[in-house]
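> The structure under discussion is supplied below as structure tokens; questions concerning it will follow.
Read-outs: derived from the displayed coordinates by stated rules, not from any lab. All values derive from a computational prediction rather than experimental measurement. Reconstructed Cβ throughout: ideal geometry from the backbone, glycine too, with neighbour counts over all protein chains shown.
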Amino acid sequence: MNLLFLTQVSNPILAPFAWVMGKILNLIYLLVDKLGIPNIAICIILFTIVMKMLTLPLTIKQQKSAKVSAKMQPEIQAIQEKYRGIDRSDRNAMMRMTEEQQAVYRKYGSSPFGGCLPLILMFIIIFALYNVIYAIPAYVKPVKEMYKPVSSAILDEVEGTEFEETYTKALKEFLTHERLSIRSKSTNKAEKWNENQLIDALSVFSTSAWDHFLNCEPIYKEDKVRETIVLDENFEHWNAFCTSDVFKKIVEGKEDAKKQILRVNSIFGKYSVLDPPGWKLTPMLLIPILSALLQFLQTKLSMAVQKSGDDKKKNATPGAMEGMLKIMPIISGIFCVIFPIGVGLYWVINSAVSIVQQYFINKRLDKISIDDIVAANEAKEAERMKKLGIVSNSNTTSNIARTNTKTISAIAANNNSSNKGKNSDDRKPSQKISDRKKDELSKNAAEGKSNISAIANLFRSDDEEDK
């Protein structure tokens, strides 16, 4: 069964996001069309700006999480250093390490996955965006209508002829020769295309592909034995189709349709958003150059959030970000040379808007202390627990966590000096946890009673119990 929106995203996760974005893109096109400037490049620019503004709350949340994460990383690393030499099969020791790490996260009102969720959602949105940009006719109805004179002519003219069952193979061969690909899996797998699938194929035509198509150009190869040019048998279906009278009727009078499609897709005057820039020295190379430069500036601004004072040396994240700062702009530039200009244009505008947003986000975050962010996180967590019907002494647990996690770095440093060359069991009594406490913690965990109070007890010395 061929559905009306067969060319739209069918992935159950991406489809809802792509559908909403498609509606937004369609409205933007209708707006610019009324203004007398129906152009896909302009639509992509406006569409990117709108989507960046809509996802701004997610960006701010992710940046706040990054700032909190950068602040607490030294304490997490100190805990990891403290237990570096332990036997991983020691369940009690592993439980202590986990509980101490959880205490740090609770101290800062965060969680191991707190910064990941906004990032994952943003990745889903980005993937959906790419699918919409790659399949604009599937979401923008006026653009889809521009392809129908050609797609309808193909279906009408091949009906009842010898090409009725082979025209799809012929067009697939043509796309292969033109080095063009269709993103829709259903279209690629189909042996006989319907109109939507035909529009899928036509919508990826570059400027040169349209010329070759309308000129009914067969595909030749060099015969080195005869020293002449002969028809390439690897494209026999296309060669038979494009030289037939049926095909000549299809392309007859379609020059106006081609001009309208290219005009709507035009950028820099004579180029199309569907054309890849390539390595030739043309104005289109501005897209890859701008993409690499803006990607560099965007990454550098993002790193500023994670660097703060003394934590700059302790935090391992900036080191990884330094690598991204060098590699990602290069990768971005190369992709923009290979991909259609429309995708590169999206990257350029996306990076430009991101830089502006990041600048103001950094300014705002510089004025907000970590304590304010942590307090806001704690308030949200308390509200969430209240809705779930879970009653907790938030002040007590927060204070315990704040007090105890301050000692982690000192404990780790003391352990490194006193345990060097010794077994982990040779620690000072004040740094040990009694067997009774281990049993108590294990019992609480088994009964689902493990909480911040139990974690706090782990930090108390045995000397206190002996009094």
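> Find how many whole Å separate the alpha carbon centroid of segment 328-364 from the alpha carbon centroid of segment 46-69.
For segment 46-69 versus segment 328-364, the Cα centre distance is 14 Å.
> Let me ask you something else. For a Förster distance of 56 Å, can you work out the FRET efficiency between the beta-carbons of Asp245 and Lys363, rounded to the nearest 0.05?
0.25
> Would you grab the residues whose amide H sits under 5 Å from the one on Ile267? Only those 5+ places off in sequence or on another chain, please, with H modelled 1.01 Å from N.
Ser272, Val273
> Filter Lys61/Lys189; Lys192/Lys249; Lys67/Lys185; Lys189/Lys280; Lys249/Lys270 down to the pairs with a C-alpha to C-alpha distance above 31 Å, please. The partial results should precede the final answer.
Numbers: Lys61/Lys189 41 Å; Lys192/Lys249 20 Å; Lys67/Lys185 41 Å; Lys189/Lys280 34 Å; Lys249/Lys270 28 Å.
Result: Lys61/Lys189; Lys67/Lys185; Lys189/Lys280 exceed 31 Å.
> Give me a comma-separated list of calculated 3J(HN,Hα) values for segment 86-97, in order, Karplus coefficients 6.51, -1.76, 1.60 applied at θ = phi - 60°, integers in Hz, x for any Gly or Pro.
7, 6, 5, 7, 6, 5, 5, 5, 5, 5, 4, 4
> What FRET efficiency would be calculated for the residue pair Leu155, Ile49, taking the C-beta separation as r and a Förster radius of 51 Å, to the nearest 0.05?
0.85
> Quick check: pseudo-label points 7 Å beyond the Cα along Cα→Cβ at Arg183 and Thr207, how many nm apart are they?
2.3 nm
> Still on this model: Could you tell me the calculated FRET efficiency between Leu286 and Lys259, based on Cβ-Cβ distance and R0 = 41 angstrom, to the nearest 0.05?
Rounded to the nearest 0.05, the efficiency is 0.95.
> Then there's this: Could you give the length gained by full extension between Glu217 and Ile327, i.e. 0.36 nm per residue of separation minus their alpha carbon distance, to one decimal place? All intermediate terms of the calculation are to be shown ahead of the outcome.
Values: separation 110, 0.36 × 110 = 39.60 nm, distance 4.18 nm.
Full extension from Glu217 to Ile327 adds 35.4 nm.
> For segment 223-265, state which GluC sites (Glu not before Pro) are in a DSSP loop and have at most 15 other beta carbons lying within 10 Å of their beta carbon.
Values: sites: Glu227, Glu233, Glu236, Glu252, Glu255; in loops: Glu227, Glu252.
For GluC sites (Glu not before Pro) across segment 223-265 that sit outside H, G, I, E and B with at most 15 neighbouring Cβ atoms in 10 Å, the list reads Glu227, Glu252.
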